[in-house]
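Reading through the C-alpha cells given below for one structure.
Since every read-out is calculated from the coordinates, none of them should be taken as a lab result. Predicted model only: the values in this text are computed from it and were never measured. Methodologically, a virtual Cβ is constructed for each residue, glycine included, from the backbone with ideal geometry; neighbour enumeration extends over all protein chains shown.
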Amino acid sequence: MTPDLMEAGAERAARASGIHYVSGSTESGGRTADFGRHVTPGEVDVTHGRILYLEDVSVSFDGFKAINKLSLDIAPGELRCIIGPNGAGKTTMMDIITGKTRPDEGTVFFGSTIDLLRHREAEIAQLGIGRKFQKPTVFEHLTVFENLELALKTDKGVRSSMLFRLDSAQSDRLAEVLETIHLADSVSRLAGNLSHGQKQWLEIGMLLMQDPKLLLLDEPVAGMTDEETARTAELFLSLKGKHSLMVVEHDMSFIRTISEIVTVLCDGSVLAQGTLDEVQADERVIEVYLGR
C-alpha cells in the first residue's frame, strides 16, 4: 500500500468516526515523516491505521537480492503470520525492521512518524519493537523471577544491578507477566531447569516486561510439545490487541489456530496474502511452498 492509499484509508476511517482529519505526507530517500504531527516519546502514532509499514524495500548480499521490492503493513493490535519457503526473506525482513540490516532502498515506518531507517538497532528496541529469535536466550543460572527482573533494568552495570529494586508498579507488572506466560508457579525455578517451551515463554515474558508495541517472533513453537504449542497459541491470542505481533512460522496447525491474515513471502517479496484457507488454495503458493 502506497503512502497515498495509507493516508486515504486513515481519512476515511476518521470521517466514519466523526474525527477531524489533518492530512500530511511521507516520502522515501530524504524522508520527512511527520504527517503533520510530532513524535511523542514513548508513544507510537497509529492514526493512519498502521503500526508497521514497509514499501518497496530491497536489499542485496553479494549480488543476491534477499529482499525485492517488499511492501507490507500491519495494523495496531494485529497478529500477522508470515510463511514462505527457506530463503524467502523472512529473517532478513525482521533484520531490516530491527535495524540489524540496512536496506539498499525503500521505506520502513513504525507508526506514522518514526522512520526506522534513521535509527540504530539499540534505539529501535527502545522505541517499542521486541524480537524473539527461534532459539531461546535466557539466563539459565538465574531464576524465572530474576530473568524478568533483569529485563526491566535499563542500566546493566554491576553496581546498578546490585542496587536495583522493583517499585510497586514494576512488581505488579512482573506478577501480571508471570501469569500471562504460564510461569507463575515456576517463579523460583532456575531458567536452566525449564522445558524448551517454558524457556520460550520466559523469553517472551522478558520482552513483555519492556511493554513493546510490536513483537517479532521467529518460529516460536519449533521444538515444542503439542501441549506447549497449544498454550503458546493461547498466549499469543491473549497478547493480540494489546500488542501487535508478527509471527514467522512453518507449523500450519498452529497458524490456523492464531491467524486472521497470512502473508506468504517468496524470493524476497509478497507472493500472496489472505486467510490461511485463501493462501493454501493459491496455485502459486502450492507450487513454491506447500508442494502438493
Which FRET efficiency value, to the nearest 0.05, do you get for residue 169 and residue 261 by plugging their Cβ-Cβ distance into 1/(1 + (r/R0)^6) with R0 = 45 Å?
-> 0.85
Binned at 10 Å from zero, the C-alpha pair distances of the range 61-139 give percents of 14, 49, 33, 4
Return an integer: the convex hull volume of the alpha-carbon atoms of the range 89-134, in Å³ per residue.
-> 79
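Just order 188-195, 45-52, 175-182 by mean Cβ neighbour count inside 10 Å, highest at the front, would you?
For the peptides 188-195, 45-52, 175-182, the packing ranking is 45-52, 175-182, 188-195.
Residue separation times 0.36 nm, minus the C-alpha to C-alpha distance between residue 75 and residue 253: what's the value? Walk me through the numbers on the way to the answer.
On the way: separation 178, 0.36 × 178 = 64.08 nm, distance 2.34 nm.
Between residue 75 and residue 253, full extension yields an extra 61.7 nm.
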Could you give the nm distance between label points at residue 190 and residue 133, where each point is 7 Å from its Cα heading toward the beta carbon?
-> 2.3
Ratio of the Cα radius of gyration of the range 181-280 to 2.2 N^0.38 Å, where N counts its residues = 1.16
Spin-label proximity, residue 210 to the range 73-114 - amide N less than 15 Å from point 7 Å beyond Cα toward beta carbon = 95, 97-100
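Could you sort out which of 69/199; 65/135; 65/242 sit more than 30 Å apart by Cα distance in this structure?
Among 69/199; 65/135; 65/242, the Cα-Cα distance tops 30 Å for 69/199; 65/242.
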Among the range 246-280, those whose backbone N falls under 20 Å of a label point 7 Å along Cα→Cβ from residue 227 are 254
For the peptides 132-145, 99-112, what is the packing order when you average, over each peptide's residues, the other Cβ atoms within 10 Å and list the highest mean first?
-> 99-112, 132-145
